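Here is the structure we will look at.
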Amino acid sequence: MEISTRAQKLEPSVTLAAAAKANALKAQGKDILSLTVGEPDFATPKNIQQAAIRAIESGKASYYTPSAGIPQLREAVVQHIETYYQLQYQPKNVIVTDGAKFALYLLFQAVLNLGDEVIIPVPYWVSYGEQVKLAEGVPVFITGAQENEFKVTVDQLEAARTNKTKMLILNSPSNPTGMIYSEEELRSIGEWAVANNILIVADDIYGRLVYNGATFTPIASLSEAIRQQTIIINGVSKSYAMTGWRIGYAVGDETIISAMNDIASQSTSNPTAVSQYAAVEALLGEQETVETMRQAFEERLNTIYPQFAALPGFKLQKPHGAFYLFPNIKETLDLCGYTDVTRWVDDLLEEAQVALVTGAGFGAPENVRISYATDLATLEEAIKRIAAFIEQKSKN
Ligand SMILES: *Cc1c(COP(=O)(O)O)cnc(C)c1O
């Protein structure tokens, strides 16, 4: 049986593929240092684990839940958004989903028609373009200048706009660049979106992971008009070390949320019940562990950034959020006698046992993504190995 053209055209996730390859080598007993995967290395905080155990033992996690999520969790999201965004929503404006990734998927399915265009700033998170295509939309990629920390401007957006433009995806702090849009930049982008009736998809998943005094401004908080034009995407994976639990959410216009819910009801039925009870505790329970983990990421960033920046040919600016470095390594390739990042990354894995992700899946083929969501000892050992690899290659 031939698979669908839809499935044939799909690019599988490069980050998951790189992580799988590193893990397979590890399983063969190789001493691999993997800086591939975008997930905190911490265990889920104890209070959240306990809430899940209680939900199992009481029996309430045994059953289907409403497809948009249990009422307590939709209410918890409302409260959380009120605290961190100073915005008031109702539970009917909230859908809980199987990770933020599925919230995005549902959103595109609910809003896009064949040929509708979605503007996606480059570098982008690997799933945006593929999910848009699965919804028969057309991703329109625009590249932020590296000098402008890869951020796009209203002039660039306006140049990309057509009468088919329906959405703009904003991810600040960004995966993979770690850059953050300022309030002023967001305001002008928000006003542009309102003036042109373009839905803003605000992927705020790294909103609480910002460093060295940087601030995250939610675009939805900048005016009532911008708020009405925005769907907030967020979740518990990154801030609460809960990637495996698969809980995300979308917040915004009731009509859109309700269409997303109809699609969820015919596809997944509901996010896992036990994870929803755990997520209530995550959002409403003590928040000190979030700050502890944030500080650990910040310390790692401050320690390793200068070391990576000192590697021959590595060009990068210091990120302000998320947990990735995204250097352009074109000059390193020249030094090492390579023309292609993929070959270099493959050889680095084979010969130095360090796994990175190539930038191509993020729309930046001269870059690599380095996740620092791993312990300092591993990071520092990886830097040593990369330095030795570059030195050895540049002698040949
Ligand atoms: C990790 C990530 C997501 C998805 O997170 P979930 O685990 O599905 O909640 C969405 N957007 C970006 C930019 C991410 O890095």
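Brief remarks follow.
- For the stretch 209-232 versus the stretch 160-201, the gap between their alpha-carbon centres in whole angstrom: 11
- Fewest-first ordering of SER221, SER172, SER58 by other beta carbons within 10 Å of each residue's beta carbon gives SER58, SER221, SER172.
- Compared with the dominant principal axis of the Cα atoms in the chain, helix 376-395 is inclined by about 40°.
- Charge dipole (debye, nearest 20) of the chain; +1 at Cβ of Lys and Arg, -1 at Cβ of Asp and Glu: 540
- Taking ASN367, ASN197, ASN163 in turn, the Gaussian network model of the chain (Cα-Cα springs below 10 Å) assigns the largest fluctuation to ASN163.
- Structural size metrics of the chain, computed from C-alpha coordinates, are Rg and Dmax of 21.0, 65 Å.
- Evaluated with a Cβ-only charge set (Lys, Arg +1; Asp, Glu -1), the stretch 313-377 carries a dipole of roughly 360 debye about its Cα centre, given to the nearest 20.
- The dipole here belongs to the stretch 282-339: it is taken about the Cα centre, uses +1 on the Cβ of Lys and Arg and -1 on the Cβ of Asp and Glu, and is about 300 debye.
- Reducing the stretch 243-312 and the stretch 48-64 to their Cα centroids gives an inter-centroid distance of 20 Å.
- With neighbours defined as other Cβ atoms within 10 Å of a residue's Cβ, the residues SER237, SER371, SER223, SER13 order from fewest to most as SER223, SER13, SER237, SER371.
- Pairs from LYS133/LYS164; LYS151/LYS318; LYS315/LYS393; LYS101/LYS133; LYS166/LYS238; LYS9/LYS151 whose Cα-Cα separation, in the structure shown, is over 21 Å: LYS166/LYS238; LYS9/LYS151
We did not get these values from a lab; they are worked out from the coordinates using the rules stated. Small disclaimer: the values here were computed from a predicted structure and weren't measured. Glycine gets a Cβ as well: all are built from the backbone with ideal geometry, and neighbour counts include every protein chain shown.
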